[in-house]
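Asker: Input: one structure, supplied below.
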Amino acid sequence: MGVVRTGEIKALTGLRIVAAMWVVLFHFRPLIWDASPRLKDDLAPLFNAGAQGVDLFFILSGFVLTWNYLDRMGSHFSGRATMHFLWLRLSRVWPVYLVTMHIAALWIIFTLHVGTVPSPDVEKLTAISYVRQLFMVQLWYEPFFDGTSWDGPAWSISAEWLAYLLFGAIILVIFRMARVTRARTLLLLAFAAALPPTVLLLASGHFYTPWSWLPRIVAQFVAGALACAAVRRLRLGRRGQLVAGFASILLTAAIVVILYYYDANPVPGMVDPGGVVDLLFMPLVVTLAIGVGSLPALLSTRLLVYGGQISFSLYMVHEIVHTSWNWAVQEYHIDLPKSVQKFVVIGLIAAAVAGAMLLYHSVEEPARRWMRRMVDFRDVQHDVHTGPPAAEGSRLASIDHARDARPPQSSARAG
């Protein structure tokens, strides 16, 4: 079945902060455009598609979870292993989710008692909504994700939680497919699995349609899982790794080119052309996972890996910062010159990053260790001595040095 690899893939950890910042810039667009109209002319095609960063997260999630759990959970079903997996996933996302959920609720209450502009989300604060938010199922009852969560980005965590609950069954199928299927076929299947959201976009012209969140999470998550199964079967020499690294640069450039092309040449009836680039996310993740060279090396730097580690906290806290400022502008009729607005936007993004760092070090990591200790003390003891966490919270040794140390082979084989 090829070389079985385990451990953190640093380039994918670094890719997480890129996806998170893409979403952040998407939400901060109106403030950025007001501060600098020229940036709107230059960067609107890229920033307007920032919502696609969520789909990149979905693919990364399916890939990394399969990377870490295929051998542990794929050979046979185990209720104990599945519950252990779900608890570890809960320990990874629930603490920050709960904190930001309650911060968002307190903010909504604050606007009721201060000033004259209550939050438009006041009607969301109901008992049944609280229970749904608490158990991360608020999205499951709604065809559209807008307005489902007190903290806006939390809708995707509700979608991810559904994928986690299905993972025990998905991994059984992926494991058996991987045993009898060549790597190139698995890659084709992964590409096919990622198609539904784009097919729906091409059919309707809209990426955001009733219940569209469901094929987004299922398709992209499964595509990431299949792509991981393919990568685990690949045997690449140094030349193949260099080619993959160069291909990751070409794919990144292609994503940017496509976004600008559709901006300059709009398709009649297509409202969300940026969704087309979703088709390149799976190949991008694969090439970064197996490649070496400039882009994989850049994403593997200590700064970007740290950014990847705090990316979840950034994703969860940035919209609270954004919403708070918008409320202050409306409540106090703030009208600043553009020269000052630029510094305000930079300050708000810096505040979101600082909040993410605070959440990561004071909530995310301590709570994750505490919850893991409840089910596996030895894992936590091992964590303390093995350095920074993997992208999905499983602390495994980095594969990057081992991969680079392998003697080069004359050819790359699949299968």
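The values are calculated or read from the model by the stated rules, or taken from the named source; none is laboratory data. Computed from a predicted structure; not experimentally measured. Neighbour counts are summed over all protein chains in view; Cβ atoms, including those assigned to glycine, are modelled from backbone coordinates with ideal geometry.
Asker: Need pairs with beta-carbon distance below 9 Å; first residue at negative phi and within the range 366-377, second β-branched (Val, Ile, Thr) and exposed (fewer than 15 other Cβ atoms within 10 Å of the Cβ); sequence gap 6+ or separate chains.
Answerer: Short answer, once both residue conditions are applied: 369/384.
Asker: Looking at 250, 304, which one is buried (at least 16 other Cβ atoms within 10 Å of the Cβ) and not small (Gly, Ala, Ser)?
Answerer: Within the list 250, 304, the selection yields 304.
Asker: Exactly one of (1) in a helix (DSSP H, G or I); (2) crowded, with 17+ Cβ neighbours inside 10 Å is unmet by residue 292. Its number?
Answerer: Failed condition: (1).
Asker: Can you confirm whether residue 267 is part of a loop (DSSP other than H, G, I, E, B), touching a Gly at 6+ places or on another chain (Cβ under 7 Å) and either modelled with pLDDT under 95 or surrounded by fewer than 18 Cβ atoms within 10 Å (Cβ to Cβ) (or both)?
Answerer: no
Asker: Residues 38, 72: which one is more than 15 Å from the chain's Cα centre (by Cα), without any contact (Cβ under 8 Å) to a residue 24 or more places away in the chain, closer than 30 Å to residue 85 by Cα and assigned to a helix (DSSP H, G or I)?
Answerer: Numbers: 38 fails: closer than 30 Å to residue 85 by Cα.
Among 38, 72, only 72 is more than 15 Å from the chain's Cα centre (by Cα), without any contact (Cβ under 8 Å) to a residue 24 or more places away in the chain, closer than 30 Å to residue 85 by Cα and assigned to a helix (DSSP H, G or I).
Asker: Could you check how many residues of the range 118-141 are within 22 Å of residue 334 (Cβ to Cβ) and surrounded by 14 or more Cβ atoms within 10 Å (Cβ to Cβ)?
Answerer: Residues flagged as within 22 Å of residue 334 (Cβ to Cβ) and surrounded by 14 or more Cβ atoms within 10 Å (Cβ to Cβ) within the range 118-141 amount to 3.
Asker: Hand me the list of helices (runs of 4 or more DSSP H) wholly inside the range 124-227 holding 3 or more residues that are in contact with an Asp or Glu (Cβ under 8 Å, 6 or more places away or on another chain).
Answerer: Counting at least 3 such residues, we get 195-204.
Asker: Identify, please: which residue in the range 70-97 is surrounded by fewer than 22 Cβ atoms within 10 Å (Cβ to Cβ) and of a type in the set (Phe, Trp, Tyr) and is, among those, nearest to residue 15 (Cα to Cα)?
Answerer: Among residues in the range 70-97 that are surrounded by fewer than 22 Cβ atoms within 10 Å (Cβ to Cβ) and of a type in the set (Phe, Trp, Tyr), the one nearest to residue 15 (Cα to Cα) is 94.
Asker: Follow-up. Quick one: what pairs do we get from the range 243-268, first residue more than 26 Å from residue 296 (Cα to Cα), second modelled with pLDDT under 95, C-beta under 6 Å, 6+ apart or different chains?
Answerer: Hits for this filter: 262/273.
Asker: Here is a further query. Hey, does the range 306-319 have a residue that's closer than 30 Å to residue 203 by Cα, hydrophobic (A, V, I, L, M, F, W, C), in contact (Cβ under 8 Å) with a residue 60 or more places away in the chain and in a helix (DSSP H, G or I)?
Answerer: No.
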